[in-house]
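Single-structure report; data block below.
No value in this document is a laboratory result; all are computed from the given coordinates. Fair warning: this is a prediction, and the values are worked out from it, not measured in the lab. All Cβ positions, even for glycine, are placed from backbone atoms using ideal geometry, and neighbour counts span all protein chains on display.
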Amino acid sequence: MPSLPSPPTPRARRFRSGWCTRWASAMSWSRASPRTAMQRCLLMLPLVGMTSAATTDVLVLPLCEKKGVGSPPLLHTKRSRLGGEVLANNAFLWSSPAPLRVKFVWLLSLGRIHTRDVLLKKHIVELSGAGCPECGAALETPDHLIFGCPFVSAFWVAFGLDTEGCSTRGLHLFDASGAVGPASPHAFSVMCCSHLWNMRKAIVFRHESPSLAAS
């Protein structure tokens, strides 16, 4: 029968207790290195003399043209201190009254929505499966999805709009005022693009048939 381990000697207990104490002290700010202590002082310096306000805190993004949570991304706003400039479609993308859920149009304007040409570049589909699911064209691109497919062309014609020569990168130049007037043509364009995208997903994933009556 193996012998049971003997209890630690008083010397071993003192060594273990002293090591734990030294380790805890080393982890505290009182034992921090001079460089770490200096960095802590520099971080705390802006807080000296500051008091909490009685009002509700407000999120402010100083490098954006607007302030608040709904501000446009930093990439698409004018930043004079960084040498930036306002993109031509900035107001169209980020000042539209369209609901936030349909602002995928930002990715659409960059050609980065997951149409089959993008899936082909990512090796997710083969060339034989990269055609348009609505009309059977050889390659489905963002331009084809929104303007080029015969079905979506009929969709825009139903509103009395001409899409000849239109592209998704120039979507901010597309004039939809003939359908809704001058009030909010850009919001109408964004929502129509979102509707066409959702209809395309219904055809691909739920195997629905394209129909102008349903749209």
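Once both labels are positioned 7 Å from their Cα atoms along Cα-to-Cβ, the gap between Ala179 and Ser128 label points is 3.7 nm. Mean separation of Cα pairs under 8 Å and 6 or more residues apart, divided by the residue count, gives region 94-215 a relative contact order of 27 percent. Coupling constants for region 182-198 follow from the phi torsions by the Karplus curve (6.51 cos²θ - 1.76 cosθ + 1.60, θ = phi - 60°), and in residue order they are x, 5, 8, x, 5, 4, 4, 4, 4, 5, 5, 4, 5, 5, 5, 5, 5 Hz; glycine and proline get x.
Sum up the charges of everything whose Cβ sits under 15 Å from the Cβ of Val118, counting Lys and Arg as +1 and Asp and Glu as -1, but leave Val118 out.
Around Val118, the surrounding residues sum to +3.
When you count the other C-beta atoms within 10 angstrom of each residue and take the mean per peptide, 119-129, 180-190 line up highest first as 180-190, 119-129. Measuring r between the beta carbons of Ala88 and Ala158 and using R0 = 30 Å, the FRET efficiency lands at 0.60.
The H on the amide N of Ala137, modeled in the peptide plane, is under 5 Å from the matching H of Cys132, each at least 5 residues off or on a different chain.
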